[in-house]
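Here is the structure we will look at.
Please treat every number below as a calculation from the coordinates, not as lab data. Treat the numbers as computed from the prediction; the structure is a model and nothing was measured. Ideal geometry is used to build each Cβ from the backbone, glycine not excepted, and the neighbour counts take in all protein chains shown.
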Amino acid sequence: MLRIISANLNGIRSATTKGFLDWFPAQNADVVCVQELKAQAADLSDPMHGPAGYQGWFHYAEKKGYSGVGIYSRHTPDRIVEGLGIADIDAEGRYLQADFGKLSVISLYLPSGSSSEERQQAKFSFMERFQPRLAELRASGQEVVICGDWNIAHKEIDLKNWKSNQKNSGFLPEERAWIGKLFDEHGWVDVYRRLYPDATGDSYTWWSNRGQAWAKNVGWRIDYHLATPGIADTAREAAIYKEQRFSDHAPLTVDYDFSL
């Protein structure tokens, strides 16, 4: 079995104070992808760099206290790919790839467009320029799992208040069409939705800090494992961990019948 976890930490230092690194060892994960580090290398303690039994690799944003992604693994990768080779995107620390033999695991943090129209346009630009890498990965012959915060809810079932969010970032028609094409035309598999096609409220992975979104479960499913069909077909179980709150997101764990 191969266990892969994706977790947006909304600040690794904050998540650590809330117990993330205490929870981590008991999960028995092979690979843990984290997003939104909001830290630089010098800010990380030794356990943040690599919890006991794990090695850590990171792609930091140039801007302090912003973005950034990481991968922890019990296995040493054959190769690490940091960034997409696109300067303005890589300056925000949004893509990290670890290759383990015939499997590539990617930690991805797709931009949010909710703060301004400028950031929404940056999100659309990222989506457009990320497309060639997605095509390259699909054509590579590798099995691939892309873990991360995609900042897009695909369908009405994926968020509580879909009617009132149709003109809001994260549920715009263009965003939904883009991620839908990844599934319907390009062959990527939404692993959680494959396993649980009818899950609604249990499927949410993010809750706004405004109002009482968490208490009322007014959530969104925006954290995904997107996988190539071969490894997706081996997915046996997925879980969203909500017993503790390390950030405004909940960790998503998937178990695959796959060996590194």
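Treating only the Cβ atoms of Lys and Arg (+1) and Asp and Glu (-1) as charged, compute the dipole magnitude of region 1-82 about its Cα centre; round to the nearest 20 debye. Present the calculation step by step, with values, prior to reporting the outcome.
On the way: 8 positive and 8 negative charges, 32 e Å.
The calculated dipole for region 1-82 is roughly 160 debye.
Whole-Hz ³J(HN,Hα) for each residue in region 97-104, computed from phi via Karplus 6.51 cos²θ - 1.76 cosθ + 1.60 with θ = phi - 60°, x for glycine and proline: what do you get?
Calculated HN-Hα couplings, in order: 10, 10, 9, 10, x, 8, 10, 10 Hz.
Please list 3J(HN,Hα) in residue order for region 174-187, calculated via the Karplus relation 6.51 cos²θ - 1.76 cosθ + 1.60 where θ = phi - 60°; whole Hz, with x for glycine and proline.
5, 5, 5, 5, 5, 6, x, 5, 4, 7, 7, 10, 9, x
Give a quick list of trypsin sites (Lys or Arg not before Pro) in region 121-204 that DSSP marks as loop, anything other than H, G, I, E or B, with at most 10 other Cβ atoms within 10 Å. Kindly include the intermediate steps, with their values, before the conclusion.
Details: sites: Lys123, Arg129, Arg133, Arg138, Lys155, Lys160, Lys163, Lys167, Arg176, Lys181, Arg193, Arg194; in loops: Lys155, Lys160, Lys167.
Answer in residue order: Lys167.
Run the helix sum for the chain: -39,500 (n - 2.57) per DSSP H stretch of 4+ residues, divided by residue count, reported at 222 nm to the nearest 500 deg cm²/dmol.
On the way: 8 runs with 62 residues, N = 260.
Value at 222 nm, helices only, nearest 500: -6500 deg cm²/dmol.
Let's see if you can work this out: charge +1 on each Lys and Arg Cβ, -1 on each Asp and Glu Cβ, no other charges. What is the dipole magnitude of the chain about its Cα centre, in debye to the nearest 20?
Details: 29 positive and 34 negative charges, 125 e Å.
Result for the chain is approximately 600 debye, rounded to the nearest 20.
List, in order, the whole-Hz ³J(HN,Hα) value for each residue of region 13-25 obtained from phi through the Karplus relation with A = 6.51, B = -1.76, C = 1.60 and θ = phi - 60°; use x for Gly and Pro.
In residue order, the calculated couplings are 5, 5, 4, 5, 5, 9, x, 4, 6, 7, 6, 3, x Hz.
Under the classification rounded if a/c is under 1.5, otherwise prolate if a/b is larger than b/c and oblate if not, where does region 2-256 fall, given a ≥ b ≥ c as square roots of the Cα gyration tensor eigenvalues? Walk me through the numbers on the way to the answer.
Working: a/c = 1.21, a/b = 1.12, b/c = 1.08.
Taking the square roots of the gyration eigenvalues as a ≥ b ≥ c, region 2-256 is rounded.
Of His249, Leu96, Phe58, which is farthest along the charge dipole of region 2-256 in the positive direction, counting Lys and Arg as +1 and Asp and Glu as -1 at C-beta?
His249
For region 2-256, please report how many Lys pairs fall under 12 Å Cα to Cα, leaving out neighbours fewer than 8 apart on the same chain.
Numbers: Lys38/Lys63; Lys38/Lys64; Lys155/Lys163; Lys160/Lys216.
Eligible lysine pairs with Cα atoms under 12 Å apart amount to 4.
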